[in-house]
1. In sequence order, what are the phi-derived ³J(HN,Hα) couplings for the range 67-76 according to the Karplus relation 6.51 cos²θ - 1.76 cosθ + 1.60 with θ = phi - 60°, rounded to whole Hz, with x for glycine and proline?
2. Once you've got the Cα coordinates, tell me which of Lys167/Lys188; Lys104/Lys202; Lys95/Lys165; Lys116/Lys165 are over 26 Å apart.
3. Can you give the local net charge around Lys69? Use residues other than it whose beta-carbon is closer than 15 angstrom to its beta-carbon, Lys and Arg +1, Asp and Glu -1.
4. Report D for the range 50-218 in µm² per second (integer): Stokes-Einstein, Kirkwood Rh on Cα pairs, 4 °C, 1.567 mPa s.
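Since every read-out is calculated from the coordinates, none of them should be taken as a lab result. Because the structure is a prediction, the values reported are computed rather than measured. All Cβ positions, glycine included, derive from the backbone under ideal geometry; neighbour counts span all protein chains shown.
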Amino acid sequence: MNNFKTISFLIFTISFLFFFGCNTNSEKQSEINKKAISENVNKTEQTKIYRLKKETPYIKWTAYKFTNKTGVSGVFDKANYVSTIKKGTVKQLLKNTSFTIETKSVNSNLEIRDKKIYTYLFSKIGAEIITGEFLEVGEKGGKVTIMIGEKSQVVPFTYTISNGKIKINTRINLMRWNASSGIIALNKVCKAVHTGEDGVSKLWNEVDVVVEIAIESIKNK
């Protein structure tokens, strides 16, 4: 009887380990397959020929306040890009594209805050217009030069292609553009809403930026 119980327990244990072991391997394989499919799609997109649509690019920014780095997001309503070529791969299009952003069009869905951002940050550092152009473009990212005020800096970025759009992600540190006076002034005028539960008024230097540019596929002639 004891032998029977022992054998039954061993069979159950082996079955249990086999089932979950296979399940884990299956999940791992599924993730590998998904990654392979994503990479294949990306390679296919890289060889397609596109043109940039004549639409205002979507530019979303996320700034951070409080010691615990709480995000506050908004957009720029007025922005434009210019490409020196009419068609090409995504890499070719980006490599030949420059852009401008009107900082007065900053929109955080709160008018009083938008006026303060423009007046105490952008206007104070002489950045009525932000300009830039793409310097290097690879299959997943590259480098873009951005001019804010009178200073130009090179920033790395990543991008993906999906749903007829190039989606670009980057992070900028405003201190690299000598914006300390603007950051201090904006944090001072917004002290009440920048003070967290710890009693510290904080406006972070880093800003995350997402840009979406509409494209359409055309036949490669």
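1. Couplings: 4, 7, 6, 8, x, 10, 10, x, 9, 10 Hz.
2. Details: Lys167/Lys188 34 Å; Lys104/Lys202 23 Å; Lys95/Lys165 16 Å; Lys116/Lys165 32 Å.
Lys167/Lys188; Lys116/Lys165, as the Cα separations exceed 26 Å there.
3. On the way: positive: Lys65, Arg171, Lys202; negative: Glu197, Asp198, Glu206, Asp208.
Counting the neighbours of Lys69, the net charge comes to -1.
4. 77 µm²/s
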